[in-house]
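Beneath this line is the structure, given in structure tokens, with notes to follow.
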Amino acid sequence: MELSSIIPHIEVLIFASEKPLTAADVVELINNAFGFMEERITQEQVEAAMEGIKEKYASEFYPFEIRESGGGWQFLTKKEYHKTIAQLNGDKFLKRLSTAAMETLAIIAYKQPITKGEIEAIRGVNSDYSIQKLLEKELIVISGRNEALPGKPLIYITSKNFMDYFGINSPADLPKIKEVLADQIVEGTLIRAEDFTSNTDIPVEENTEATSLLTVNGDGELVVQEEETSTDPEASSPLNTEDAPTGSNEEEHHDTSDEQSNPDEPATE
């Protein structure tokens, strides 16, 4: 059978089904419908046809699309029309899980398979009520018992309804924790390498009264220091000790100047 002839049958099966259909389900249903045919369709033909159907309904001319969700293929309305559909099924969309139930569901989704004791160890509180509500809403199921633990506690995993509700095909499609918390990660402050250079590496303009220098103190903090510089290049030159007058010469020079400044004052003994 040609793919062009298979596609309409695949579309009506997925549209009329109450649950997601896998490629294997479609192969079995179509072959049962055309049991008289000598040439039976294969799963490879169905998968190839599904790619064409996906491309067809991805067009902007259709308000719905075909997606692999909840463990199989199904028709879903596009997210752009969510507000419109909410007017029709408002009560259904307004029913939300409590914070405790959401916490419990998130733990089960990322840690499955998991026991009630392990859930309570993570949350730190009793989770009987939350688990019961999730079971009633068919978002989780009991998959068995942990034979290795005392008492053989029940093991919980997410259900196909959970995957269907959140639009994923398997638990592996859940967003990674790092992606979820990406906006909450605090990034470190970027420090430029030039902020930590020594004073000798910082160019100082000549003929300036003050120059701002960036230094790092003992605590690793940037400190701005004001360094006074002189416009006279000779002012900063070291004093020649050979030309400097000694202390005794200064005293003699001082005494002589006093005598010359008072020539009429009588001498005293």
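The values are calculated or read from the model by the stated rules, or taken from the named source; none is laboratory data. From a predicted model like this one, the values you see are computed outputs, not experimental measurements. So basically every Cβ, Gly included, is an ideal-geometry build from the backbone, and we count neighbours across all protein chains shown.
Checked against (1) acidic (D, E); (2) closer than 30 Å to A109 by Cα; (3) part of a loop (DSSP other than H, G, I, E, B), E60 passes all but a single condition, namely (2). For K176, the requirement of being over 28 Å from the mean Cα position of the chain (by Cα) and charged (D, E, K, R) is not met.
Of K56, K92, which residue is at pLDDT 90 or above and out of contact with any helix residue (DSSP H, G or I) (no Cβ under 8 Å at 6 or more places or on another chain)? Going through K56, K92 in turn, just one is at pLDDT 90 or above and out of contact with any helix residue (DSSP H, G or I) (no Cβ under 8 Å at 6 or more places or on another chain): K56.
Condition first: buried (at least 16 other Cβ atoms within 10 Å of the Cβ) and within 41 Å of the chain's Cα centre (by Cα). Now tell me which residues in the stretch 8-25 satisfy that. It would help to see each step written out before you state the result.
Residues of the stretch 8-25 that are buried (at least 16 other Cβ atoms within 10 Å of the Cβ), as a first pass: 9-11, 13-14, 17, 20-21, 23, 25.
The answer is I10, E11, L13, I14, S17, P20, L21, A23, D25.
Listed by first and then second residue, the pairs with beta-carbon distance under 6 Å, at least 6 apart or on different chains, first residue in the stretch 149-160 and over 29 Å from D173 (Cα atoms) and in the same structural domain as Q112 (by TED's automatic domain parsing), second modelled with pLDDT of 90 or more and outside any loop (DSSP other than H, G, I, E, B), are K152/R145. Applying the set (1) over 34 Å from the mean Cα position of the chain (by Cα); (2) not in a loop (DSSP other than H, G, I, E, B) to I66 leaves exactly one unmet item: (1). The single condition from (1) surrounded by 11 or more Cβ atoms within 10 Å (Cβ to Cβ); (2) within 30 Å of the chain's Cα centre (by Cα); (3) not assigned by TED's automatic domain parsing to the domain that holds R145 that E80 fails is (1).
Does the stretch 26-44 include one or more residues that are aliphatic (A, V, I, L, M), in contact with a Phe, Trp or Tyr (Cβ under 7 Å, 6 or more places away or on another chain) and either modelled with pLDDT of 90 or more or assigned to a helix (DSSP H, G or I) (or both)? It would help to see each step written out before you state the result.
Within the stretch 26-44, the subset aliphatic (A, V, I, L, M) is 26-27, 29-30, 33, 37, 41.
Filter once more, so that each one left must be in contact with a Phe, Trp or Tyr (Cβ under 7 Å, 6 or more places away or on another chain): none.
No, the conditions are met nowhere in the stretch 26-44.
For the condition assigned to a loop (DSSP other than H, G, I, E, B), modelled with pLDDT under 90 and either closer than 21 Å to I114 by Cβ or acidic (D, E) (or both), I191 does not qualify. The residues listed here are R96, R123; of these, the one that is farther than 30 Å from E51 by Cα, free of Cβ contacts under 8 Å to residues at least 12 places away in the same chain and under 26 Å from the mean Cα position of the chain (by Cα) is R96.
Tell me, which helices (runs of 4 or more DSSP H) lie completely within the stretch 77-177 with 1 or more residues that are hydroxyl-bearing (S, T, Y) and under 24 Å from R67 (Cα atoms)? Quick ask: steps written out before the conclusion?
Values: elements: 82-88, 90-94, 99-111, 116-123, 128-136, 160-166.
Where helices (runs of 4 or more DSSP H) fall fully within the stretch 77-177 and carry at least 1 residues being hydroxyl-bearing (S, T, Y) and under 24 Å from R67 (Cα atoms), they are 82-88, 99-111, 160-166.
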